[in-house]
1. For region 82-182, run through the trypsin sites (Lys or Arg not before Pro) and keep only the ones in DSSP coil with at most 13 other Cβ atoms within 10 Å of their Cβ.
2. At q = 0.16, 0.18, 0.21 Å⁻¹, what is the base-10 log of I(q)/I(0) for region 376-415 according to the Debye formula with one equal point scatterer per Cα and no solvent? Please give it to two decimals.
3. Under a Cβ-Cβ cut-off of 15 Å, what is the net charge of the residues other than ARG400 that fall near it, where Lys and Arg count +1 and Asp and Glu count -1?
4. Where Lys and Arg each count +1 and Asp and Glu each count -1, what net charge lies around GLY153 among other residues with Cβ under 13 Å from its Cβ?
5. Evaluate the Kirkwood expression for the hydrodynamic radius of region 145-285, namely the inverse of the mean inverse distance over all pairs of different C-alpha atoms, and round to one decimal in Å.
6. Mind checking Rg over Rh on region 95-145, alpha carbons, Kirkwood formula for Rh?
7. With a 1.4 Å probe and all protein chains left in place, how much of the accessible area of region 352-437 comes from carbon and sulfur atoms, in whole percent?
8. Extent of region 320-369 along each principal axis, from alpha carbon coordinates, in Å, largest to smallest?
Amino acid sequence: ADKEEAAPGGPRHELHAAARAPARPLDTMSFQLLLLLTVVALCYVAVVGYATADVKAMFDSQDELIQVGSRYLSAMMLGTTAAFALHSEHVRRKAKLLGWGIVVMFFTSDMKWNKKTLPDPDDIKKLNITKKKQKRVIFIRHGESLWNEAFNGSKLPHKFSYQVIKALIGEIMMLPLFDSVLFDSPLNAQGFSQAKILSRTLDNYVSKGDKKSEALDDDVAAMRGGQNAPTSVLVSSNLRRAAQTLFVSHWKRLTTTGETVKIISSLQEISRNVDTLVLCHAQKPVPLPGVSECLDLDGAVPLGMQDCVDNKGNKPLFGTGLQRLEEFAEWSFTRDEDVIIAAGHSLWFKHFFNTFLGKSVKTGEDNPASDARDCKVKNGGAVGFNLECGQLADGRTWYRVDNESIEIIEGGFDNAKKQKKAAKKAAKEAKKLKKNQ
């Protein structure tokens with residue numbers, strides 16, 4: 001049933017029962033499924049290991065007994081899992097999503113567009129100021145996810161194997177629930193901590209009041225919100241980890257202003273991996289597991305705090321990431337607000353910078369613009385920049401990231417490997433020069 005619930009310290013919002021954080025795996029059907037499969041396995045062990053002489057006499061050897069028993073075990077486990085699949089709508093939806101994920105992995109065109117034929121964004125820089133528009137944009141990368149933990153953590157064989165097995169077991173445990181470790185992968189504990197760090201950064205920031213820090217002061221003021229701040233809108237990808245990060249990091253603002261977070265599909269990650277496929281349906285709210293616990297709320301985050309009109313569900317199979325990059329840029333300039341605050345994903349952000357940074361910005365250099373082209377934004381990081389819009393000579397509307405306007409708000413770009421590589425190259429050149437002398 002629907003009812004009204006007041007968010008702590010803020011306005012009242014509509015709350016639906018479905019918005020409540022999903023039950024933990026061992027609390028409901030997952031425990032029952034695990035119990036049934038365990039019983040089936042124990043029965044198999046008992047029959048094979050302690051079969052009576054009469055039963056063993058029916059088989060030519062112990063190996064044949066084990067072989068037949070294994071077939072029965074497989075059939076029983078398959079039947080048990082199938083029964084749960086038929087019983088649970090969530091399992092059926094995730095089975096469809098698995099099939100779709102396999103299709104996407106092999107046939108998607110999401111990352112396939114000809115980057116060499118794109119216009120040079122620096123052409124916009126040459127336009128008269130009256131022929132171009134400008135918007136301030138702030139990108140917030142989501143905190144670390146369960147997928148990141150499993151596949152992007154340690155590459156040592158034993159640790160990597162442990163992380164992957166842990167993730168797969170977690171996925172099995174969540175099979176009957178509208179939850180997942182791999183599909184639409186949510187934040188892990190580290191990810192929630194990173195979102196809270198961003199929140200504390202905004203709360204504790206002290207304006208320096210000088211010309212050098214003016215852009216940073218304005219960005220933080222916009223993220224905080226308030227009467228004297230630049231007007232801004234909060235927007236998130238329709239993937240859970242991005243929305244979770246935005247809600248945790250901006251909860252104080254949301255409960256103070258009563259505004260909604262706009263969920264838009266154009267921010268959906270650019271990749272063929274299944275963690276980029278969304279669980280929620282089109283124009284439906286994004287589930288936010290763990291957010292109410294992270295924020296110590298008495299109830300769940302109200303569904304009414306999400307504006308899902310532009311949530312189109314999963315990205316099309318034969319669309320491209322470029323289409324979504326352009327769609328977001330175009331959408332940004334339809335807004336009246338001064339600043340667009342967007343929670344999204346590392347590869348999407350990196351493609352955005354590589355598409356709309358001018359060709360004068362080179363890779364491998366030691367500056368924020370070059371880092372934006374070369375590196376991912378750190379988990380929980382936030383960067384701001386000016387986005388320009390103008391019409392080129394051929395009549396095409398295009399966009400440009402002003403490379404001199406990039407501002408690190410929190411975390412910045414993950415350039416440690418880049419710097420290490422540059423230092424190694426510099427040491428090698430110095431050694432070569434010394435040898436020549």
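The values are calculated or read from the model by the stated rules, or taken from the named source; none is laboratory data. Everything numeric in this text was worked out from a predicted model, so none of it was measured. Virtual Cβ from ideal backbone geometry, glycine too; neighbours counted across all protein chains shown. Accessible surface is based on the protein model in full, side chains and every heavy atom, while ligands, DNA and RNA are left aside. Shrake-Rupley method; radii C 1.70, N 1.55, O 1.52, S 1.80 Å.
1. Details: sites: ARG92, ARG93, LYS94, LYS96, LYS112, LYS115, LYS116, LYS125, LYS126, LYS131, LYS132, LYS133, LYS135, ARG136, ARG141, LYS155, LYS159, LYS166; in loops: LYS112, LYS126, LYS155.
Here the trypsin sites (Lys or Arg not before Pro) that fit, given the DSSP loop and packing criteria, are LYS112, LYS126, LYS155.
2. Evaluating at q = 0.16, 0.18, 0.21 Å⁻¹ gives log10 I(q)/I(0) of -0.52, -0.59, -0.68.
3. On the way: positive: LYS125, LYS126, LYS131, LYS132, LYS133, LYS135, ARG136, LYS359, ARG373, ARG396; negative: ASP120, ASP122, ASP123, GLU326, GLU330, GLU388, ASP402, GLU404.
Spelling it out: positives minus negatives among the neighbours equals +2.
4. On the way: positive: LYS155, LYS159, LYS166; negative: GLU144, GLU149.
Around GLY153, the surrounding residues sum to +1.
5. Result for region 145-285 stands at 17.2 Å.
6. Values: Rg = 19.0 Å, Rh = 15.9 Å.
Expressed as Rg/Rh, it is 1.20.
7. On the way: 2370 of 4940 Å².
Here carbon and sulfur together make up 48 percent of the probe-accessible area.
8. 35, 27, 20
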